[in-house]
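Taken together, the values in this text are just the output of simple stated rules run on the coordinates, not laboratory data. Quick caveat, the model's predicted, so the values are computed rather than measured. As a convention, Cβ positions derive from the backbone with ideal geometry for all residues, glycine included, and neighbour counts pool all protein chains shown.
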Amino acid sequence: MSNFSAFSPPLSDAGVRVGNELAWRRVDALAALDELAKMGYGILGGELWSIRGDHVVMGLREEDGREATVGWTSEWRTAEETWPAFVTRSIADAKRNVLSRPEIDGVAALAVPAVLSNFSFVSESEYGGVA
């Protein structure tokens, strides 16, 4: 879920808007995750996007030149897991993904210097309707 008002004005301004989505370069993506955690949002997953010239590509280019969506999902909240524990775990998982720029599904994210991170996030009340 995207909600621009969830972010402080400087962080919202630092994000790259595509439709109703925001994505950030690495340092700002980490700050966005910190803000989401403080507000109690859990992360459902994320995607890596790239900048090519003046275009944002919702994905990265594979070695053979094809565009590919690159993303990850957080493990669902378990029945025993409190909401704060899920928030902490899902934020940590998202930070690992941002920092590692992993190779996912054969796509080398490190090959693109202008990588942006986009997140799907929910509040505890929204999560009940998603799971």
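One table, with the values for the structure above:
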quantity: Local electrostatic count, residue 31, Cβ distance below 13 Å [Lys/Arg +1, Asp/Glu -1]; calculated: 0
quantity: Per-residue Cβ neighbour rank within 10 angstrom, fewest leading, 44, 116, 30, 99; calculated: 99, 30, 44, 116
quantity: Inter-site label distance for residue 73 and residue 34 at 7 Å from Cα along Cβ, in nm; calculated: 3.0 nm
quantity: Sorted by Cβ neighbour density within 10 Å, fewest at the top, the residues 122, 16, 98; calculated: 16, 122, 98
